[in-house]
């Protein structure tokens, strides 16, 4: 394959990638409308005996809700192809706090999915939890804010230390049809002002979601690739995990952003259509 990216960089190594991890909004679709070339690229990956998966920080939707969303717009997808910060949170908390009761603040489906994944969870701040996990909360109330703040202030871990505190992801805003709304990073900043506590963030740009996906699909990092439109989450995730990346200019990132960024993508393409053309020529 003789192919080049926007800046003339040799893109022939894309033919050797066995796992393509995609961001969603701004990368393969916008406002639920697929970009030209998305389905063709996914078909080309499968035709070449590769796999693809979709990685998201948004913990306000469950895995099955993402499957329904993607299949509803024509993408062949099962739960295996969905990689979320909720899944990564369950994996990390089970590893670091085995058997412990974890207080969860987030939407109802967030707590339900964590429990389904085997985490011992409660939404009752008075239940004696020894760790705290917060997610993007579209059901947020002042009562919930106060309960979590008090637990972060007074709660204790198993060794009597300040209660361990985690957040599913660090995004400050979440895209919606008319712009953006405050996301989990904004809420955690509020908790920091109230308690002096900062969480350990689990989702992008931390590498855990990539590592989880590579393990799930049985591929080495040299065979994996992250495709996204945000430098500070998607491309940084790939860099932190030690895998190649594509920045696609159909969403947030611009050429000026790339020039000014400390995080450099391996390749840059204007669209998924151009990526598809590069791997099928």
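The values are calculated or read from the model by the stated rules, or taken from the named source; none is laboratory data. The shown structure was predicted, so the numbers you read here are calculated from the model rather than taken from an experiment. Glycine also receives a Cβ, built like all others from the backbone with ideal geometry; neighbour counts cover every protein chain displayed.
Points to keep in mind about this one:
- Filter pass, residue 52 being modelled with pLDDT of 95 or more and assigned by TED's automatic domain parsing to the domain that holds residue 274: yes
- Check on residue 112, within 26 Å of residue 230 (Cβ to Cβ) and at pLDDT 95 or above: no
- In the range 242-269, the residues that are in a loop (DSSP other than H, G, I, E, B) and closer than 15 Å to residue 206 by Cα: 242, 243, 263
- Test: residue in the range 110-128 that is without any contact (Cβ under 8 Å) to a residue 60 or more places away in the chain, within 29 Å of residue 24 (Cα to Cα), surrounded by 20 or more Cβ atoms within 10 Å (Cβ to Cβ) and out of contact with any helix residue (DSSP H, G or I) (no Cβ under 7 Å at 6 or more places or on another chain): yes
- Any hit, the range 35-50, residues being touching a residue at least 60 places away in the same chain (Cβ under 8 Å) and closer than 30 Å to residue 116 by Cα: no
- Qualifying residue in the range 74-96 (condition: surrounded by fewer than 19 Cβ atoms within 10 Å (Cβ to Cβ), over 24 Å from residue 218 (Cα atoms) and not assigned by TED's automatic domain parsing to the domain that holds residue 147): yes
- Test result for residue 224, farther than 25 Å from residue 134 by Cβ and in contact with a strand residue (DSSP E or B) (Cβ under 9 Å, 6 or more places away or on another chain): yes
- Spans of strands (runs of 3 or more DSSP E) in the range 139-241 with at least 1 residues closer than 27 Å to residue 122 by Cα: 165-167, 173-176, 179-182
- Considering residues of the range 247-281 that are buried (at least 22 other Cβ atoms within 10 Å of the Cβ) and either over 18 Å from residue 36 (Cβ atoms) or without any contact (Cβ under 8 Å) to a residue 60 or more places away in the chain (or both) only, the residue farthest from the chain's Cα centre (by Cα): 267
- In the range 1-15, residue farthest from the chain's Cα centre (by Cα) [restricted to those that are part of a helix (DSSP H, G or I) and over 23 Å from residue 75 (Cα atoms)]: 12
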